[in-house]
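Shown next, in structure tokens, is the structure this report addresses.
The values are calculated or read from the model by the stated rules, or taken from the named source; none is laboratory data. Quantities reported herein were computed from a predicted structural model and do not represent experimental measurements. Virtual Cβ from ideal backbone geometry, glycine too; neighbours counted across all protein chains shown. Protein only, heavy atoms only, side chains kept; ligands, DNA and RNA dropped before computing areas. Shrake-Rupley method; radii C 1.70, N 1.55, O 1.52, S 1.80 Å.
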Amino acid sequence: MPGIDAAVETIFGPIAAFLSAVVFYEAPIFGGVPIIVVWLMAAAIFLTVWLRFQPITGLKHSIQVIRGRYTAKTDPGEVSSFQALATELSGTVGLGNIAGVAVAIAAGGPGAALWIAIFGFFAMSVKMAEATLGVMYRTVNADGTTEGGPMYYLRDGLAQIGRRRLGRVLAVLYAIFTLVGVFGAGNLFQSNQVAAIVASSTGSEFLSGNQWLIGAVMAVLTAIVILGGVTKIARWTSAITPAMAVLYVLCTLAIILVNIEALPAAVATIFTSAFTADGVTGGIIGVAVIGIQRALFSNAAGVGSAGMAHSASKTKEPATEGFTALWEPLVDSIGVCMLTAIAVVITGVYQGGGEDGVALTAAAFGTVAGWFPYLLTVAVALFGFSTVLAYAYYGELSAKFLFGSSALVQNAFRIAWVLAVIVGAAISLDSVIAFSDAMFFLMSVPNLLGIYFLARVLRLEILRHRYRVSVGALSEVEPDLQVGMGSHEPTAEQVAAEEHRTLTEELRLADLHRQLAEDPDFPVRADHHDDDLASPMGETDYDVWGQDPERGGDADPQAERSSAGV
């Protein structure tokens, strides 16, 4: 459809070029590093230190959390922690892991792979922050559905610390950037690449000239899934993500085994070339410039998607989702990306150059057997399809935030999303995708700015959770009530028992408050409470929230008080 392509390029070309130049402006260091990369890396390093290296100190606890030990089937939410993890991974593990890594290595040398893994470690803390805040400030509707993400913790979280106007502005900007960004990066690009790769691998001239047919098949499958909402998306992604991960990992391991004699040299090359003068420059440039959208940021740490995925999780403890989310960069950037890198380096295909990352990875697959690249085609199709599903949920949340949570808004978005799959497969939208990619990375600006403002609230939530677990104040849920990694729907008896327990506890607390209010010997109020407070108890939870168990009580209770503790 060259006519449509030309018209779109004429309209969007200048706009996309200007916006990309602004968003990806390069500082004149190390040959040129985009400012947006510095912004993301600075936040990742800060949060890792600020949260006391939870990717190391909290990794063991995170395994128990993912297994559902601390979340109950009767907790508010729609999906399990594992399903939220699978949904986010399905949106991040994709072409960046396959194509972006290969291109980064071809341009920057094998050392580029190590920089991907290094950033992946620090990115674990960013994901933890996003997921924790996503649950803290989510909205649970009367029907049990949830709405959450950076839009909500920017709006409500900043309002809670006295920055209401700033929070509203950042929330709206974030929602706009997300709505545009996910259409390009999570829909048009994915459907276009899947259609092109499938048509190319089959060798069919008919499919190559009619890629819209492949898009139509993807659109039908997408419609079947997203019409069921986040619960159905989570069920599909929790099945597809492990399957595609196992397939891809087994394939890369097969490549390594076939070339096992070159493994020590390949690993040594990756590490040594990352710290030579050329290697450092080449690694940073290769990862941050050439692989910026498809490799280093395949984990999407900083853009806030984890906050949306995990806001639907069943939990009463926001920190549990933070400990779940930190696994995403570990699997994505450290696991899958490194396996791709070793496969590309061990076979030496990167030395021939080339800009087509999928072709480079396919060449590595071809060293095993002539038919082996077909498995890569299957993996790419699964990666692309799962990304379309995950980003549909993120886009829908943004649309609801901007235009209201009505059935009209929801259905209009879903129809537009399904049609965009066909459009993306049918025509080349280079300028539109470039424009959307710039918007996608702009999401990190309001998101990380809000996280900086909420850093004290976040740290208190994470460290308090760890402290409560360590002293036994937060115990594991009874085995038959644990969410686990499979079924997470409670029985009618479990729901009734939870409602009875909640009502009993509310009555007990109400009676306790009444007795204390009537007790003339009970301390009237702390000095800082106003005289017009209705209860002589005042807001006693200030005392609790003002004590950081690991900082000796130097927290500011007004600034650090989170909605989870009210």
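Miscellaneous remarks
- Percentage relative contact order, region 333-422, counting C-alpha pairs under 8 Å, at least six apart: 15 percent
- Extension gain, T10 back to Y25 (0.36 nm per residue minus Cα-Cα distance, nm): 3.1 nm
- Under 16 Å from K314, Cα to Cα: lysines that are on another chain or at least 8 residues apart: K73, K232
- Note, ³J(HN,Hα) from phi for region 209-225, Karplus 6.51, -1.76, 1.60, rounded to Hz, x at Gly and Pro: x, 9, 5, 4, 5, 5, x, 5, 5, 4, 5, 5, 5, 4, 4, 4, 7
- Global form of region 173-258, assessed from the alpha-carbon gyration tensor, a/c cut-off 1.5: oblate
- Gain on full extension, evaluated as 0.36 nm per residue between S475 and V140 minus their Cα-Cα distance, stands at 118.2 nm.
- Chymotrypsin sites (Phe, Trp or Tyr not before Pro) restricted to DSSP loop in region 346-430 with at most 12 other C-beta within 10 Å: W371
- With a cut-off of 18 Å on the backbone N, the residues of region 381-422 near the modelled label site 7 Å out from R168 along Cα-Cβ are 401-405.
- Relative contact order (percent, whole number), region 104-177, Cα cutoff 8 Å, 6+ residue spacing: 18 percent
- Residue-by-residue Karplus 3J(HN,Hα) for region 444-457, coefficients 6.51, -1.76, 1.60, Hz, glycine and proline x: 6, 5, x, 4, 6, 4, x, 5, 4, 5, 9, 4, 5, 4
- Once both labels are positioned 7 Å from their Cα atoms along Cα-to-Cβ, the gap between A407 and V378 label points is 4.1 nm.
- Each residue, R52 and E498, gets one label point 7 Å from its Cα in the Cβ direction; the gap between the two is 3.0 nm.
- Efficiency of FRET from Cβ geometry, A159 and I224, R₀ 41 Å, rounded to 0.05: 0.60
- Counting only heavy atoms of the protein chains and using a 1.4 Å probe, K316 has close to 100 Å² of accessible surface.
- Descending semi-axes in whole angstrom, ellipsoid equivalent of region 68-219, from the Cα gyration tensor: 35, 22, 18
- Largest-first ordering by accessible area, 1.4 Å probe, given options R235, R464: R235, R464
- Net length gained if the chain between E205 and L516 were fully extended (0.36 nm per residue, minus Cα distance): 103.8 nm
- Prolate is the label for region 371-425, because a/c, from the alpha-carbon gyration tensor with a ≥ b ≥ c as root eigenvalues, is 1.5 or above and a/b exceeds b/c.
- Karplus-based coupling profile of region 373-381, in residue order and whole Hz: x, 5, 5, 5, 4, 4, 4, 4, 4, with θ = phi - 60° in 6.51 cos²θ - 1.76 cosθ + 1.60 and x standing for Gly or Pro.
- The amide H of V79, built 1.01 Å from its N in the peptide plane, has S313, K314 as neighbours under 5 Å, considering only residues 5 or more places off or on other chains.
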